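Read-outs: derived from the displayed coordinates by stated rules, not from any lab. Because the structure is predicted, anything quoted here is derived from the model rather than measured. All Cβ positions, even for glycine, are placed from backbone atoms using ideal geometry, and neighbour counts span all protein chains on display.
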Amino acid sequence: MIKKAIMVKGEEGLDARPIALLVQEASKYTSQVHIEIENKKINAKSIMGMMSLKLAGGENLTVVTEGTDEEEAAQGIEAFFEKVKK
């Protein structure tokens, strides 16, 4: 299991399009990919779950990956957040 702390960039946070792209990125991996914020743990491959988070700019979250390609998945999700809303 890999856990990475990430901050959401951009003042507006993530709206529907970036969330859909995040779900597509997470779905590339066979590992489980979850986003944790406060007491919530959401499957990053679930569009409805991810939309319910309403990720705001400056918000801190934790990406949790577990499985055969967990390292690659963690790096891919981290890279996604690095390039979104710069």
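Answer yes or no as to whether A73 is surrounded by 18 or more Cβ atoms within 10 Å (Cβ to Cβ) and either under 11 Å from the mean Cα position of the chain (by Cα) or in contact (Cβ under 8 Å) with a residue 60 or more places away in the chain (or both).
yes
Restricting the range 5-27 to residues that are over 17 Å from G58 (Cβ atoms) and among the charged types (D, E, K, R), which is surrounded by the fewest Cβ atoms within 10 Å (Cβ to Cβ)?
Residue satisfying both the conditions and the ranking: R17.
Please find, within the range 48-70, the residue that is farthest from G13 (Cα to Cα) out of those that are surrounded by fewer than 16 Cβ atoms within 10 Å (Cβ to Cβ) and among the β-branched types (V, I, T).
This residue is T68.
Which one is nearest to A44 (Cα to Cα) among residues in the range 1-23 that are touching a Lys or Arg at 6+ places or on another chain (Cβ under 9 Å) and in a helix (DSSP H, G or I)?
V23
Based on what the data block shows, is T30 surrounded by 14 or more Cβ atoms within 10 Å (Cβ to Cβ), in contact (Cβ under 8 Å) with a residue 12 or more places away in the chain and of a type in the set (S, T, N, Q)?
The answer is no for T30.
Can you name the residue in the range 36-47 that is closer than 19 Å to R17 by Cβ and of a type outside the set (S, T, N, Q) and, of all such residues, is surrounded by the most Cβ atoms within 10 Å (Cβ to Cβ)?
A44
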